Amino acid sequence: MKITAITNGISGNYEEACRVLRETGVRYAEIQHLDGEQDPALQAGEARSVPGVPVETLKIEEAYRVRDLSRQYGIEPALITSHAFCGVPIRSTEISDPVYTLHMRQLKNAIAFAKITGAPMVRVMCFAKQPVTFGSHGAGEWLANDNTVWDKFLSLFRPIAELAETEQITLVVENGNGQICSSYLMRKLADGLGSKRIRYLWDPANAMYYGEMPTLEVYESIRDILSHIHIKDCVADITRSYMDICEIGSGELAQYLPPLAAALRRDGYQGCVSLENIYCPDGGRCADGYRLDIRHLQDIFG
């Protein structure tokens, strides 16, 4: 397996991030936000309080700069982590709508960015979460729009899968604060689409927040569609809508990570295990958290 990290958790300056990756023995980069020139035609939504510009909205000329810096520092881009289709509502969106068209353009830009930089995969997000997707004994009618949401979701996702086939690139879907909030639902999406180009970006901490613990049984259920893993550790209080990111090995995921690493080695997993380095220690920055957590990640999964 390959150890990687999301670069904007180190710095929005890609060259600085490459320096730190090389210094800490990490060869692969996951690219999500970068300092660079944004294409106004691809911008959507409010700016986020993280370093850099969302990669899917950057002018394509920035990809050549990333390619050249990667080569200079001996770094291989592993994933272009776009936000395309993040937060797009399912029930009120049609394929012909301007918001759908904009996000499809963002995804196409991210794919072009990946091809220039040599990254083999692009992340695509999974629309907005429907609180109840399936229901019975009244819940289907009252809370799940007569149980029609999933079929609508699949219809919105099929052109995305078709684009992946046309472009001959792997798209990884991340579980999180969208319609795919668990490995169970990702399995259902993969089976429903039937495309080998749609794979899974598993974030165990995100799934835990929705009640799915990263047990080996969960891993076994999705290992054949797994291509990328995000690792962070945390303590969560779902009823208070609260999460505390903590040093890897000191949170609720600590007990699950060594068995998961052993299973990945056993199965010859060839994908990436990526540090989602958003941990900011007291009095420090996320870049300080990176230097703490990358050692833990390398010790467990290296």
- Task: Express in Å², to the nearest 10, the accessible area of Met213 obtained by rolling a 1.4 Å probe over the protein heavy atoms while all chains stay in place.
- Result: 60 Å²
- Report the longest stretch of the chain that contains none of the GluC sites (Glu not before Pro) sitting in a DSSP loop with at most 13 other Cβ atoms within 10 Å. 95-302
- Query: Using θ = phi - 60° and the Karplus curve 6.51 cos²θ - 1.76 cosθ + 1.60, what whole-Hz ³J(HN,Hα) does each residue of segment 211-227 get, with Gly and Pro shown as x?
  - Reply: x, 9, 7, x, 7, 5, 5, 5, 4, 4, 6, 10, 5, 7, 10, 8, 10
- Point-to-point label distance, Gln43-Val235, nm (Cα→Cβ direction, 7 Å offset): 4.0 nm
- Query: Could you give the accessible area per residue of segment 1-139, probe 1.4 Å, as a whole number in Å²?
  - Reply: 44 Å²
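Hydropathy first: keep DSSP H helices in the chain averaging at least 0.0 on Kyte-Doolittle, then drop any whose Cα extent along the axis falls short of 20 Å, and list what survives. Numbers along the way, then the final one.
Values: long enough: 98-117 (28 Å, 0.20); 149-167 (28 Å, 0.15); 286-301 (21 Å, -0.26).
Within the chain the helices that satisfy the rule are 98-117, 149-167.
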- Item | Total lysine pairs whose alpha carbons fall under 27 Å of each other in the chain (8 or more apart, or interchain) | 20
- Task: Express in nm, to one decimal, how much length is gained between Ala263 and Glu217 on full extension, taking 0.36 nm for each residue of separation and deducting their alpha carbon distance.
- Result: 15.5 nm
- So how much slack lies between Glu76 and Gln255, counting 0.36 nm per residue of separation and subtracting their Cα-Cα distance, in nm? 61.4 nm
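Report the FRET efficiency, 1/(1 + (r/R0)^6), for Arg285 and Asp146, where r is their Cβ-Cβ distance and R0 is 41 Å, rounded to 0.05.
Values: r = 49 Å, r/R0 = 1.19.
That pair, Arg285 with Asp146, gives E of 0.25.
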- Message: Counting only protein heavy atoms and a 1.4 Å probe, tell me what percentage of segment 1-132's accessible area is made up of carbon and sulfur.
- Response: 49 percent
- Please sort by residue number the trypsin sites (Lys or Arg not before Pro) in segment 13-84 whose DSSP state is loop and whose Cβ has at most 12 other Cβ atoms within 10 Å. Arg48
- Query: Mind listing the Cα extents of segment 109-157 along all three principal axes, in Å, largest one first?
  - Reply: 51, 16, 14
- Task: Net charge near Leu253: determine it from the other residues with C-beta under 10 Å of the C-beta of Leu253, scoring Lys and Arg +1 and Asp and Glu -1.
- Result: -1
- Message: Take Val50 and Ala139, extend 7 Å from each Cα along the Cα→Cβ direction, and tell me the distance between the two endpoints in nm.
- Response: 3.1 nm
- Mean shadow area of the chain, taken as a quarter of the surface of its Cα convex hull (nm²): 15.5 nm²
- Message: For the chain, what does the helix formula give at 222 nm: sum of -39500 (n - 2.57) over DSSP H segments with n ≥ 4, over the residue count, nearest 500 deg cm²/dmol?
- Response: -12000 deg cm²/dmol
- Note on the structure: Surrounding charge for Asp282, neighbours by C-beta under 14 angstrom, Lys/Arg +1, Asp/Glu -1, total -2
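The values are calculated or read from the model by the stated rules, or taken from the named source; none is laboratory data. Everything numeric here is computed off the predicted structure, so don't read it as measured data. Please note: Cβ atoms are built from the backbone with ideal geometry, for glycine as well, and neighbour counts cover all protein chains shown. Heavy atoms of the whole protein, side chains included, go into the accessibility calculation; ligands, DNA and RNA do not. Shrake-Rupley method; radii C 1.70, N 1.55, O 1.52, S 1.80 Å.
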